[in-house]
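Chemist: The structure follows.
The values are calculated or read from the model by the stated rules, or taken from the named source; none is laboratory data. This is a predicted model, so every value here is computed, not measured. All Cβ positions, glycine included, derive from the backbone under ideal geometry; neighbour counts span all protein chains shown. Surface accessibility is based on the protein's heavy atoms, side chains included, excluding ligands, DNA and RNA. Shrake-Rupley method; radii C 1.70, N 1.55, O 1.52, S 1.80 Å.
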Amino acid sequence: ALLGCVENDNIATTTNHAEREVSSTTIEVSNNRARRGEVRLAGRWEDPPNIVVCDAAGIAQYRLEAAVRFWEALGYKFGDLRVLGRFDQCPQDWGTIVFRMPTQSELTQSLGRSHLATTKRYALKDSPESLVLAEIYFVSSEMSKKNLIVEHEIGHALGWLHSNKKRHIMHPKWSESGTITEGVR
């Protein structure tokens with residue numbers, strides 16, 4: 001099954017937030033856009049992002065911490081990590097990577113494309129390389145338990161696109177992904 005991540009290309013849906021335009025889109029990334037094994041960066045965070053797991057997303061604290069350690073070992077820094085309880089409201093604050101449940105239309109679209117998970121990145125229209133928010137959702141909470149899938153989706157939230165190199169953390173097919181991190185440091 002495909003990991004089926006959504007990539008930001010700074011077009012389509014716009015939302016005003018704090019009087020600045022934010023943009024996101026849902027386009028598929030073709031592996032032939034990069035040379036064999038190359039991983040392209042679509043944007044980056046100016047400050048270390050916080051990570052919030054909304055209750056229904058089904059990711060345990062230990063699983064989140066393991067995925068964050070994976071990226072920290074590559075030199076990435078993160079702000080606060082929070083796993084919310086069932087009575088907490090799921091925020092979508094700037095500077096945050098949010099794990100949440102999909103809407104019904106997102107779920108239908110993901111299942112129709114055989115996706116296990118989706119990451120949406122948001123950037124300012126006047127500074128498309130500066131990421132301000134990322135949302136990650138799995139088609140079911142069971143998918144979040146698959147080996148390396150949380151790490152892969154955090155990689156997208158950090159701005160990385162897919163790699164066609166087998167066993168790479170950013171490979172688009174879950175069954176062909178692995179712990180190779182060449183090009184994402």
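Chemist: Taking the Cα-to-Cβ direction at D88 and at E182 and moving 7 Å from each Cα, how far apart do the two end points lie in nm?
Modeler: 3.9
Chemist: Using amide H atoms built in the peptide plane, which far-off residues or other-chain residues are under 5 Å from I51 H to H?
Modeler: For I51, whose amide H was placed from the backbone, the distant partners under 5 Å are G79, D80, L81, R82, I97.
Chemist: Still on this model: Let me know the whole percent of all Cα-Cα pairs from segment 93-152 that are separated by more than 15 Å. Please list the in-between numbers first.
Modeler: Numbers: 950 of 1770 pairs.
The share of Cα pairs beyond 15 Å in segment 93-152 comes to 54 percent.
Chemist: Cα gyration tensor of segment 42-185, axes a ≥ b ≥ c as square roots of the eigenvalues: rounded (a/c below 1.5), prolate (a/b > b/c) or oblate?
Modeler: Judged from the Cα gyration tensor, segment 42-185 comes out rounded (a/c under 1.5).
Chemist: How much accessible surface does F138 have with a 1.4 Å probe, in Å² rounded to 10?
Modeler: 10
Chemist: Explain nothing, just compute: Karplus ³J(HN,Hα) = 6.51 cos²θ - 1.76 cosθ + 1.60, θ = phi - 60°, for every residue of segment 152-163 in order, whole Hz, x for Gly and Pro.
Modeler: Running phi through 6.51 cos²θ - 1.76 cosθ + 1.60 with θ = phi - 60° gives 4, 5, 4, x, 5, 4, 6, x, 7, 8, 6, 10 Hz.
Chemist: Please list R69, R185, R121 from largest to smallest accessible area, probe radius 1.4 Å, with all protein chains kept in place.
Modeler: These residues rank, largest area first, as R185, R69, R121.
Chemist: May I pose another question? 5 Å is the cut-off here: which amide hydrogens, built 1.01 Å from N in the peptide plane, fall below it relative to W45, excluding neighbours closer than 5 in sequence?
Modeler: Answer set, sorted by chain and number: L131.
Chemist: First compute the accessible area of segment 47-185 with a 1.4 Å probe, then give the percent of it belonging to carbon and sulfur atoms.
Modeler: 50
Chemist: Can I ask one more? For segment 32-185, give the share of DSSP beta bridges that are antiparallel, in percent and rounded to the nearest 5; count only bridges with both residues there.
Modeler: In segment 32-185, approximately 40 percent of DSSP beta bridges are antiparallel ones.
Chemist: Restricting to DSSP loop positions (anything but H, G, I, E, B) with no more than 14 other Cβ atoms inside 10 Å of their own Cβ, which GluC sites (Glu not before Pro) remain in segment 43-114? Don't jump to the answer; show the numbers that get you there.
Modeler: Values: sites: E46, E65, E72, E106; in loops: E46.
Filter output for segment 43-114: E46.
Chemist: To the nearest 20 debye, what is the magnitude of the charge dipole of segment 46-181 about its Cα centre, counting +1 on the Cβ of each Lys and Arg and -1 on the Cβ of each Asp and Glu?
Modeler: The calculation lands at about 580 debye.
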